[in-house]
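Right, one structure below, let's go through it.
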Amino acid sequence: MLTAEFPQSRLRRNRQNPWCRDLVAENHLSVKDLILPLFVREKEVTPEIEAMPGIYRYSLDELLPVCKRAMDLGIGAVALFPYTNPILKCEEGKEALNPHNLVCQAIRIIKESLPQLGVIVDVALDPYTSHGHDGVLRKGCVANDETLEILIEMALVKARAGADVVAPSDMMDGRIGAIRKGLDQAGYQNVRIIAYSAKYASAFYGPFRQALGSLSALGKADKKTYQMDPANSREAMREAAQDLLEGADMLMVKPGLPYLDIIYRLKESFLLPIFAYQVSGEYSTLKAAGEKGWIDYEKALLESLVALKRAGASAIFCYPALEVATFLLGENV
Ligand code: PBG
């Protein structure tokens, strides 16, 4: 790589003014990069999520206004996550397959009124199981192949409701191929799959589990027999390679900021778009430190997001996406 030496070269020259810094910026964060995750609730459930101040659960009649607002700001897609009534949860997570469950109703409502808004849905059993795991338990273990059969059905139920994209976050082996085949056989060739290829067993998911009510279900158990070990990166390449061969349309890395190296490696090695998920605990730590006055929340948030882009993410799941959009677009929105 050719670079001149000081004093011919002065790297500070390009940093002198905002216009010049903008011109030489290698990455830009845009509202078009953002996906807005939305928690959906039944009317009786409280909107506030204690561990995620500023983020709310929406009832079905509150969904359209927030989706409309997202679209007006230029956000292209939402990702739906349900807070399931505990009485509807069971060992097998049967409510996942109910075509009238909360998420299916939400998809229909959004697609009917705002067909141009992308709707992404999760495929995993944890919002529906009484034990909080992403699959069914057999002799205390999450049973991979039996879970696959249910996940195929779950993806189909959501495709029938009108979902544009399914995002299996369950980390079962073979799920992408199984779901792709199931969708294709039912005529849903155009439903896309975001593979959560590198999903780590992370402590940063705590606030999300509280938002969904799956924290108490899971109790002291963890998901280390299916989610990845944070110590591994070569293994992420194997996961991604498998998902690619099984028909994934996009690959996702989750969490985001602690795993920039994974985003970078996947981007370098695979030609698929890479998405990043700025997870609940990333949001909550920034928010809490900001509320205490220890960091500048807005600046730290924008810095984390552009770092995800720099690492190679083309889109980012981001809880405060609406707020970020107003930061990016300025006061007049
Ligand atoms: C569940 C799922 C999780 C998240 C998204 N889908 C949690 C988990 O695996 O326990 C976490 C998202 C977040 O923390 O923001 N399959």
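The values are calculated or read from the model by the stated rules, or taken from the named source; none is laboratory data. Only a predicted model underlies this, so the values are computations on that prediction, with no experimental measurement involved. Neighbour counts are summed over all protein chains in view; Cβ atoms, including those assigned to glycine, are modelled from backbone coordinates with ideal geometry. In case anyone asks, the SASA skips ligands and DNA or RNA and just uses the protein heavy atoms, side chains included. Shrake-Rupley method; radii C 1.70, N 1.55, O 1.52, S 1.80 Å.
Evaluating His133 against the criteria (1) within 15 Å of the ligand (Cβ to nearest atom); (2) open to solvent by less than 30 Å² (accessible area, probe 1.4 Å); (3) more than 18 Å from Gly174 (Cα to Cα) leaves one unmet condition, (3).
For beta carbons closer than 6 Å, sequence separation of 6+ or different chains, a first residue in the stretch 29-52 that is under 20 Å from Val324 (Cβ atoms) and part of a strand (DSSP E or B) and a second that is basic (Lys, Arg) and modelled with pLDDT of 95 or more, the qualifying pairs are Phe39/Arg57.
The set of residues in the stretch 136-172 that are under 25 Å from Lys220 (Cβ atoms), β-branched (Val, Ile, Thr) and open to solvent by less than 10 Å² (accessible area, probe 1.4 Å) comprises Val136, Thr147. If you go through the stretch 229-248 and keep only what is polar (S, T, N, Q) and assigned to a helix (DSSP H, G or I), you end up with just Gln242. Scoring Ala241 on the criteria (1) free of Cβ contacts under 8 Å to residues at least 60 places away in the same chain; (2) within 30 Å of Arg41 (Cα to Cα); (3) open to solvent by 10 Å² or more (accessible area, probe 1.4 Å) leaves a single failure, condition (2).
Here's the yes/no breakdown for (1) touching a helix residue (DSSP H, G or I) at 6+ places or on another chain (Cβ under 8 Å); (2) within 25 Å of Leu38 (Cβ to Cβ):
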position	(1), (2)
Leu114	yes, yes
Gly132	yes, yes
Gly135	yes, yes
Ala143	no, no
Ile150	yes, yes
Ala155	yes, yes
Ser169	no, yes
Arg175	yes, yes
Tyr188	yes, yes
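Scanning the stretch 204-224 for residues that are assigned to a helix (DSSP H, G or I) and either of a type in the set (S, T, N, Q) or more than 10 Å from the ligand (Cβ to nearest atom) (or both) yields Gln210, Ser216, Ala217. Examine the stretch 81-94 for a residue that is under 20 Å from Tyr205 (Cα atoms), assigned to a loop (DSSP other than H, G, I, E, B) and among the β-branched types (Val, Ile, Thr), and state whether such a residue exists. Looking for residues that are under 20 Å from Tyr205 (Cα atoms), assigned to a loop (DSSP other than H, G, I, E, B) and among the β-branched types (Val, Ile, Thr), one finds at least one in the stretch 81-94, hence yes. Considering the stretch 249-333, the qualifying strands (runs of 3 or more DSSP E), each wholly inside and each with 2 or more residues that are open to solvent by 10 Å² or more (accessible area, probe 1.4 Å), run over 250-254. Only one entry of Val66, Val78 meets the criterion of being within 16 Å of the ligand (Cβ to nearest atom), under 21 Å from Glu42 (Cβ atoms) and of a type outside the set (S, T, N, Q), and that entry is Val78. Just one of the listed residues (Ile75, Ile49, Ile35) is farther than 23 Å from Pro115 by Cα and buried (at least 21 other Cβ atoms within 10 Å of the Cβ), namely Ile49. Tell me, yes or no, whether the stretch 208-217 has at least one residue that is crowded, with 24+ Cβ neighbours inside 10 Å, basic (Lys, Arg) and over 16 Å from Leu97 (Cβ atoms). So far as the stretch 208-217 goes, no, none of its residues is crowded, with 24+ Cβ neighbours inside 10 Å, basic (Lys, Arg) and over 16 Å from Leu97 (Cβ atoms).
Scanning the stretch 218-230 for residues that are over 22 Å from Tyr283 (Cα atoms) and open to solvent by 30 Å² or more (accessible area, probe 1.4 Å) turns up Gly219, Lys220, Ala221, Lys224, Thr225.
Selection within the stretch 174-191: residues that are closer than 19 Å to Leu272 by Cβ and surrounded by fewer than 19 Cβ atoms within 10 Å (Cβ to Cβ). The member of this set that is nearest to the ligand (Cβ to nearest atom) is Gly174.
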